[in-house]
Each structure stands twice: as C-alpha cells, then as structure tokens.
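Data first, discussion second: the structure below is written as structure tokens.
The values are calculated or read from the model by the stated rules, or taken from the named source; none is laboratory data. These figures come from a predicted structure and were not determined experimentally. Don't worry about glycine lacking a Cβ; one is built from the backbone with ideal geometry, like all the others, and counts go over all protein chains shown.
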Amino acid sequence: MIRLDNIEVSFGDFTAIPHLDLHVQPGEFFTLLGPSGCGKTTALRTLAGFIQPSAGTVHVDGKDVTRLPSDKRQVGMVFQNYALFPSMSVWENIAFGLRVRKEKPADSDRLVRDIARRVELSDDQLSKNVAELSGGQQQRVAVARALVLRPKILLLDEPLSNLDAKLRHQLRQQLKDLQSQFGITTVYVTHDQDEALAMSDRVAVFNKGVVEQVGTPQEIYDHSATEFVCNFIGDSSALTPEFVAELNRLSGAGLSTDASSYLRVEKASLTPAADGGTAVGLPGTVVSRTYHGLHSRYLVRSHGADIRLLVREDGGPQPEPGSPATVYLQPEHILQYHHAARNAVEREDQAVPLP
Amino acid sequence: MSGSTARSMVRSPFVLIVGACLTWFITAFLVWPNVNVLMATFFPDGSFSGRAAEKLFSSQRAMKALGNSFLLAVALSITVNLVGIFVVLVTHYFRIRGSRILFLGYASTFIYGGIVLAAGYKFIYGDKGIVTSLLVKVFPALDPGWFSGFFAVLVVMTFATTTNHMLFVANALKGVDYQTIEAARNLGASTWTILRRIVLPMLKPTLFAVTILSFLTGLGALSAPQVLGGRDFQTITPMILTFTNSPTSRDLAALLAVILGVATILMLAVMSRLEKGGTYFSVSKVSSALEKQDITSPVANVVVHAVAYLLFAVYTLPVVLIVLYSFADGAAIQTGQLSLGSLTVDNYVRVLTQQSGLRPFVVSVVYSALAALIAVGGLLFVARLLQKYRNWVATVFEYLLHIPWILPSALLALGLIISYDHPNPLVGGAVLTGTTVILLIAFVTVKIPFTLRMLKASFASVNSSLEEAASIMGAKTLYVFRRILLPLVLPAAAAIAALNFNSLLDDYDTAIFLAHPLVQPLGLVIKANTDGAEGVEGVANTFVYTVLLMVITGVTMYLVYGRSRQKGPGSKRLPAVPPAAVPPPAVSSVSGEDSKLPAAPVR
C-alpha cells in the first residue's frame, strides 16, 4: 500500500533521515515510534507531501507520488492539535475539502452528514463552533474531515499527545475502533510506547533518523532487535558480566559475557515458578522496595547487578530491604547486544525486516 | 487573598496617601475639565441652551469640516487596511525576495510620524517641494500644488498609520497555527483559498480593532489636514483649534470637541463589543510556527513583488530625501538640485549651536523628560495598588484613569484651557492657562492610560511568592515595594518612560492648544516652518530636527525592543516591556491618537 524506498531527508546541513525503507500493508495500523527528534514526524510529513525528500521515492497504492503535492496523494491527515479551522463551524470544517473540490452543495451536505454519523457527531454538534467541542469531539471532527475525502491512507501525527492521561486512554480506543470500522490503512506517529503497543498491527521503532526495528508489538517487546529498542520499550535491568557468568554456571546456558545483557522487569521473580520450569535462582540482597498498591517494585542486588522486578501485592511474603532474597529467571529471557554492531546477538537478520 | 476588600484598603496608610493624591489629580485634571467643556457647551449661562448647536448647524465651514472628518475616517479605514494587510502579508506571510529589507522600509514610520511626517511629505511633494520642483521641470504643465487636499491627507495618513498593522496584525498572523494551513492544503485548497478562507478569518478580530483605530485616527486628524489639507479640506480638530482661539466661538469649539468625543467613545464601545464576540485563536494547546508561503502563480508572484517594491519606494523616499537634504545648502533645498559639493554639516552646526535653533529642541526634551518621569514615577505606586487590590474602589479609579484614552486630546486640552483660565481652588487658586505648567499637566495626563496598563502588566508578571516570602520574614509594605518589587519592575518602567519620552518629543496636537507663546516645543516650530515662515533656513532646520528625532526614536526603540529580542530564552530577566501588550511606536500617527493605541485592547 505504502512504500518508502531509499528516502533521505535533509534540512540544510542537517540530515534528519539518512536512509529509510518502509512498507505498509493495506488495512494495516502501522506506527512510527521513537523519542522526540528521532525523525518519525519527518517521515510522516514526507509521506504526506509536506517535505520533499532529497533522495528516494514514495509510492501509494503502486503509484509514484514523490513529486505530487499533498492534496494529490489521496492521503488524509489528522494533525497533532487537530488543526481545526477556528473561524468555521464543525460542518464547515468537515465540508472544507469538498467545497474546495467544488462538489455540489447537496452532495457535500450528504457526505458531511454521512461521515459525521459514522464518527458519532450529532447534527446539533455540526452547527457548533469547534471551540465549543470537547477534546474527544474535536478529534472526531478532525478524523471526519480527513475521511470525508475518501483518502487511501490516513496519517495521524501524535493526535493524543496534548490530552490528559484519562482522556488519552479513552480516545486511543475510539481511534482504534474508527480505524477498524473504516478499514483504512493508517500510519500513526507517537512517542508513547504504551500507545504503540496497544494500538498497532506493526510498529517501526525510530532512533536518530534510522529505523531500528519493524515488527508486531510482541516481536519488538520480546525480541528487541537492538539495545536502543530494548531500552526504549518496556523496563529492564542491565546485567553485569559476573551475573551472566554465574547464570551460565548454574544453568549451562552459553550466554556471552562480553555483550550488554538485559532482563525485563516482569521476567524476574522472587518466587520459583509453580511447575519448576527452566528457571534458575541467584542469591542477592533486597536494596529497596517501593509500594504501588497493585504491586511493589523491588531492587535486588546480585553479583553486582541491580535487578529490578515487580511483586504482586497479593498477600504473599514481602521481604524488607536488607534481607536476603533469591532472584529467579529463565536464561532464554536474557536480551543480549554487542556494542559494535548495536544489533541483537544472533538476531541481526531481523533488523528492518521487509514484508 | 488577604487585603483585597475595599475596607482593608483603608487600614493601610500607604494606600490612603496614594489614594488621596490620586483622587485630587483625577478630579482636577481628568474629570473637572471635561465636565466644564460639557457645561460650556450646553449650560453657558447656568441654564440649558441649544445655541451652540444652532451656531454649529448654521456655520457652513463647521458642517463641512464635520463631513470631511467622517469622509477621511471612512476612506482611511479602507486604504490603511488595503496597504496594511498587503504590507503584513508581504513581510510575514508570503515568500518574497528581500523581505527583510522591505520590512525595514515599511517600518520607517515607526521612527517618524505625526507632524514630522506630514512636514516631511510637504517638503518633498508640496508646492515648493523637492520632488515637485524636479517634476515641474520635466512636466511643465504639472500643477505645483498637486499634492494637497483630501488626496494628499489620505495618502500621508495611510502610510503613517500602517504601523498598527505592522504591530498588531503581524502579531496575530504569527499566532495562526501553521497546522491549519497544512491541513487546508492537504484538503486541496489553493494559496488564495487558504488566505481568504482560513488566514484572514482568523485575523478578523484584530482587523476590526485596527480598522476602528484607523477610523478614529482619521476622525481626530489634526496635523495632516493642517499641513496638507489646504483651504478646501479642513477637518474637525483644526476647526476646534480655530474656534478655541476666539472667545466668542469657544462654545462652538466645545460642541465640536464633544461630538468628536462621543464618536470616539461609540467606536471604542463597538470595538470592545466585537472583542467579546469571540476569539478565533487556537482551540489547540500546541501549535506550530508559521512558515512562509510560496505564491504559486508566476504572474501573481511578479505582480506582488512589483507592488511590494513600489510601496517600499513610497515609504523610504521621504526618509532618504530628508536625511540627504539635511546636509544640503539653502540653494539645493530650494531648487531640489543636489550635488556632492553642496553637502555640508552646516545645518547641524547651526541647529546645535545657535540659540534659536537649539531652543525648541531643548524645550521639547525638557517637557518630554519631565512628563515621562512624572507619569511613570507616580503611576508606579498606583499601578501596584490597582494590581494588588481587586475591588470596586480600584475598578472605579482604573476606569477614571482611562479617560484620556477614550477622549480626543483636543477635548482634554480645551477642557484644561477653560477650567484654569481663572483662579481655581482645585489648584490652590492659581491661573494655569498661559503658563508653562499647563502643557506639562496635559503631557502627563495623555500618557497615563498607556503607562498604567504597561506598569500593571509588569507588576502582574512578578511572581507573587516573592512578595509573600518577604512579608513572611517581616518586611513591611513599603520595604517590600522598594527592595523586592521595584528592582524587578524597574527595567520595564525605564522602557515605558523612554517610549513616553519619544512620543512626546514631537507632540503637536496637545502643544498647539496649550503651549506658552515663548516656550514653543519642537512640533510647533516644525509646523511653523511648513508655512514657510522661516524661509529656507527653517526648512533646513526641520530636516535636521527630523533626522535627530529619527535617531533618538530609533535608538530608543532598539534599546527597548531590539536588545530584549536578542536575549536568549534562557534569560531569566523580565522582558523590558511585556510582549502581550506591545505598545505602538513612539510617534506613530499623524493625528496624535497614538496615546490611544497602546491601550487599545488588541490581542
């Protein structure tokens, strides 16, 4: 559906994106994820036609659109702040593109009302000024305005970033529902990993203009391809060579002691699994405990490594700081990266897989 | 918040002293003079009389002047918007080659305006003007008096008042969220559609406001019609001046001033009504900065570039010629023929060394400096109290202090003249009319609204915890004011004083009513020179005065705005002047309405 090939974007001397290849499947909810300044928005704007790449091509539905202006690309966009026109009513906002295309007024009205119904905006709300709407309603107006022109793809630029946490959760779901209802190919930009994991079919993790990994949310979480992805997604503890060596000794696993090694917080435990399994226990000392209600966060020092882990507050034993404890983990959960390559050991072929 | 009720104000001696001084000043100089004008108009002998109105309606001259004023006001509202919007779009919205240079050219009216600008245009395009002399040589059939009357007044005032657009409209344009423009483009809108349907509607509230300011500027115009209007085009304010000078027609002057005042109040009421009608600004929390737009049609692009540079020439030609001819000898000024050999600094030497040349300059500097210091010094305390106490007493005081903002300066001046031309107990039984003090009082009065608003804003920007911290440690009111607040507000206060000083330096509209005959400030001397009273030497002197004024204004504006802009965002100091209430330039309008602009609630 969307192909970005060999894209390079520079602003003057600064190269924002040195080399980018991305393929998005039809109907997919595809997310560009990364910290601020990583080039994800630049990539989206290149796709939208607001930025001309200095090299490479953009294809939408098999057609080369690299030199086409934004309105000829059949892409709809929802902006970070929705960019609703403050001097117009909701109806006028949604009808704007239709009127620019010189659709018949009757057709425009029918299309506007039709799309408004589908995003659950009432007729009453259509006549309101956009400033009178709540954040969630504004978002639906922005989506309706983009979709009424029947674009082939929908681009969403951090549409939830300026909302408070509760509304963000609610609208995240609404947005995802709208997308599956319309079945439209969607490219979504966010810096919020939680959002990316919960909403996406596939995620591309950006760092300094480079895609570090493309995969399903589970792939990038459980099998982070690079050290950056491992650190950016989820929460993990860095392990020391001594810790890894001890783990090798106890379990017989052949883990490298030169590589940077990490363990996700939820993969470590203070109690052995009920069925025994392949978990091994390493002795340590509880350094601190922070109570969170649902669970407590523990810091346990073992063989020089500070292992962070979560313990459910289900009434079980809760060791206090200073007391000895055993950290249980499975060697195959260890994520390892070589510094020079920056890629996951033995998993280099997985970086930027192309479907 | 403690101490915000009216009753608690009475308990503080500091408040009582300031309040007593303020009450006296407001009564004596803001309320009483204007009540007096109303009485002189409608109750000349203690009982109601419509004689002034009858006299007015039967005076053809006065009725014509009234009509002319409204004609000028309407025409000016249109022309200023046309030129002003174009200038703003060219410098801030469209990608135009050399827009930085264009901006500097259009901004030349920031550093000279009022009587100085009117005089400058007359010396260049007037019947004996430099450009006219050259034109007559090329086209002998040309009428030497081509640049006069309604046309000339409109042209000069149009170019003099686009400063409002450069300040307020340009500022509003910067507030337009660029994402809305991108969104419109993504939906297929053309450059022209985006401008017409998205950008201009968002500027509507600001455009309304500047339109009303332009209307008021045209209505109250004084110096431009006087200098360039000729016999056929006279307006209300010059008429008020004429009638004021003869005691038998003072009631007529008063009535005209009242009409002007009522029209002004009505327009300002309309403006604040429109303001409340709704802001079109950002329904969003994050917005992105505006990027310049390309004009896609090559033909339109060429046309816009051509018009932009033509306007640039119109704006800069007077400045360039004034600077050049300020170095020219008398012969060159008379013939318009300038050669390198005729350039000297003699004019400067004469103005700066001879008593007659230097005197008006010194008079203006002394008056302006005193008025600027008194206004800022006095209002420091008042602004502080008004910012601290929010109750009905404070609100009443604040409204009263805005009287000079809603009334034309001609009305205020007339009020002072007729209230203090006999011994008055309000000022200890003294007669003020005809003394040097009355102009100082008027200068201070005129500057009150602007000074008050700016000072209040800078007090409001001081973190209130500082004050609370100081008082928790036992500091008393005055001590907190002196040691905590004053140092923080001082840079802003200095900047406001400098801007006041600037705008008073070339004042004409107030001085023409009130100046002492032997202590004439610069504005009056420049006006006299445009009448040809002092011959070529007078013209040369005016050029020198103008250049000196431009230098002073330019330096002040740079010190107030230029440097604070260069300071990085890391700077923790308060901005010299709160950016939200950008004041207009010192000498920005031909009519003297500039005292209103800063206070204009333009967002």
Working only within the range B:392-437, note down all residues that are part of a loop (DSSP other than H, G, I, E, B) and at negative phi.
B:His402, B:Leu407, B:Pro408, B:Tyr420, B:Asp421, B:His422, B:Pro423, B:Val431, B:Leu432, B:Thr433, B:Thr435, B:Thr436
Filter pass, A:Ala116 being more than 13 Å from chain B (Cβ to nearest Cβ), over 30 Å from A:Val205 (Cβ atoms) and either out of contact with any His (no Cβ under 6 Å at 6 or more places or on another chain) or modelled with pLDDT of 85 or more (or both)
yes
Look through B:Leu522, B:Leu518 and report the one residue that is buried (at least 22 other Cβ atoms within 10 Å of the Cβ) and closer than 25 Å to B:Ile438 by Cβ.
B:Leu522
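For the range B:155-169, what are the residues that are crowded, with 21+ Cβ neighbours inside 10 Å and not polar (S, T, N, Q)?
Of the residues in the range B:155-169, the ones crowded, with 21+ Cβ neighbours inside 10 Å are B:156-169.
Listed by number, the residues that qualify are B:Val156, B:Met157, B:Phe159, B:Ala160, B:His165, B:Met166, B:Leu167, B:Phe168, B:Val169.
So which of B:Asn68, B:Asn81 ends up being out of contact with any helix residue (DSSP H, G or I) (no Cβ under 7 Å at 6 or more places or on another chain) and at pLDDT 90 or above? Explain how you work it out, then say what you get.
On the way: B:Asn81 fails: out of contact with any helix residue (DSSP H, G or I) (no Cβ under 7 Å at 6 or more places or on another chain).
So the residue among B:Asn68, B:Asn81 that is out of contact with any helix residue (DSSP H, G or I) (no Cβ under 7 Å at 6 or more places or on another chain) and at pLDDT 90 or above is B:Asn68.
Could you list, in sequence order, all residues of the range A:151-207 that are at positive phi and loosely packed, with under 15 Cβ neighbours inside 10 Å?
Of all residues in the range A:151-207, those at positive phi come to A:158, A:183.
Result: A:Gly183, single match.
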Per the filter on the range B:185-214, residues assigned to a helix (DSSP H, G or I), at the interface with chain A (Cβ under 7 Å from one of its Cβ atoms) and crowded, with 21+ Cβ neighbours inside 10 Å are B:Arg185, B:Asn186, B:Ile198, B:Met202
How about the range B:351-368: which of its residues are crowded, with 16+ Cβ neighbours inside 10 Å and small (Gly, Ala, Ser)?
B:Gly357, B:Ser364, B:Ser368
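Tell me, yes or no, whether the range A:147-162 has at least one residue that is closer than 25 Å to A:Asp109 by Cβ, in a helix (DSSP H, G or I) and within 13 Å of chain B (Cβ to nearest Cβ).
Kept after step one, since they are closer than 25 Å to A:Asp109 by Cβ, are these residues of the range A:147-162: A:147-152, A:154.
Restricting the remaining residues to those that are in a helix (DSSP H, G or I) gives A:147.
From what is left, the residues that are within 13 Å of chain B (Cβ to nearest Cβ) are A:147.
Yes, the range A:147-162 contains a residue that is closer than 25 Å to A:Asp109 by Cβ, in a helix (DSSP H, G or I) and within 13 Å of chain B (Cβ to nearest Cβ).
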Scanning the range A:41-61 residue by residue, those more than 25 Å from A:Asp13 (Cα to Cα) and either β-branched (Val, Ile, Thr) or over 26 Å from the mean Cα position of the chain (by Cα) (or both) turn out to be A:Val60
In the range B:246-276, the residues that are closer than 22 Å to B:Gln60 by Cβ and among the hydroxyl-bearing types (Ser, Thr, Tyr):
B:Ser246, B:Thr248, B:Ser249
Mind checking whether some residue in the range B:441-454 is farther than 27 Å from B:Ile259 by Cβ, assigned to a helix (DSSP H, G or I), at pLDDT 85 or above and of a type in the set (Ser, Thr, Tyr)?
yes
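Which residues, taken from the range A:76-96, are facing chain B (nearest Cβ under 7 Å) and outside any loop (DSSP other than H, G, I, E, B)?
At the first step, the residues of the range A:76-96 found to be facing chain B (nearest Cβ under 7 Å) are A:77, A:79-87, A:96.
Result: A:Met77, A:Phe96.
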Filter the range A:97-113 down to residues that are at pLDDT below 90 and either more than 11 Å from chain B (Cβ to nearest Cβ) or farther than 18 Å from A:Val75 by Cα (or both), then give me how many there are.
2
Among the residues of the range A:270-304, count how many are touching a residue at least 40 places away in the same chain (Cβ under 8 Å) and surrounded by fewer than 18 Cβ atoms within 10 Å (Cβ to Cβ).
9
Out of B:Leu134, B:Leu117, B:Leu154, report the one residue that is of a type outside the set (Phe, Trp, Tyr), out of contact with any strand residue (DSSP E or B) (no Cβ under 8 Å at 6 or more places or on another chain) and at pLDDT below 90.
B:Leu134
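Here's a check for you: in the range A:59-75, which residue that is of a type outside the set (D, E, K, R) and either assigned to a loop (DSSP other than H, G, I, E, B) or on the phi > 0 side of the Ramachandran plot (or both) is nearest to the other protein chains (Cβ to nearest Cβ)? Quick ask: steps written out before the conclusion?
Let us first name the residues in the range A:59-75 that are of a type outside the set (D, E, K, R), namely A:59-60, A:62, A:65-66, A:68-70, A:74-75.
Those left that are additionally either assigned to a loop (DSSP other than H, G, I, E, B) or on the phi > 0 side of the Ramachandran plot (or both): A:62, A:65-66, A:68-69, A:74.
Values: A:Gly62: 21, A:Val65: 13, A:Thr66: 17, A:Leu68: 12, A:Pro69: 8, A:Gln74: 11 Å.
The residue in question is A:Pro69.
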Just to verify a result, which residue in the range B:338-350, among those that are part of a helix (DSSP H, G or I) and without any contact (Cβ under 8 Å) to a residue 12 or more places away in the chain, is surrounded by the most Cβ atoms within 10 Å (Cβ to Cβ)?
B:Val349
Listed by first then second residue, the pairs whose first member lies in the range B:351-370 and is of a type in the set (Phe, Trp, Tyr), whose partner is in a helix (DSSP H, G or I), with beta carbons under 8 Å and at least 6 positions apart or on separate chains, are B:Phe361/B:Val351; B:Phe361/B:Leu522; B:Phe361/B:Tyr545; B:Phe361/B:Leu548; B:Tyr367/B:Leu439; B:Tyr367/B:Leu440; B:Tyr367/B:Phe443; B:Tyr367/B:Leu504
Report the residue count in the range B:1-51 for those that are in contact with a Gly (Cβ under 9 Å, 6 or more places away or on another chain) and not in a helix (DSSP H, G or I).
2
Identify, by number, the condition in (1) assigned to a loop (DSSP other than H, G, I, E, B); (2) surrounded by fewer than 22 Cβ atoms within 10 Å (Cβ to Cβ); (3) touching a residue at least 24 places away in the same chain (Cβ under 8 Å) that A:Gly56 doesn't meet.
(1)
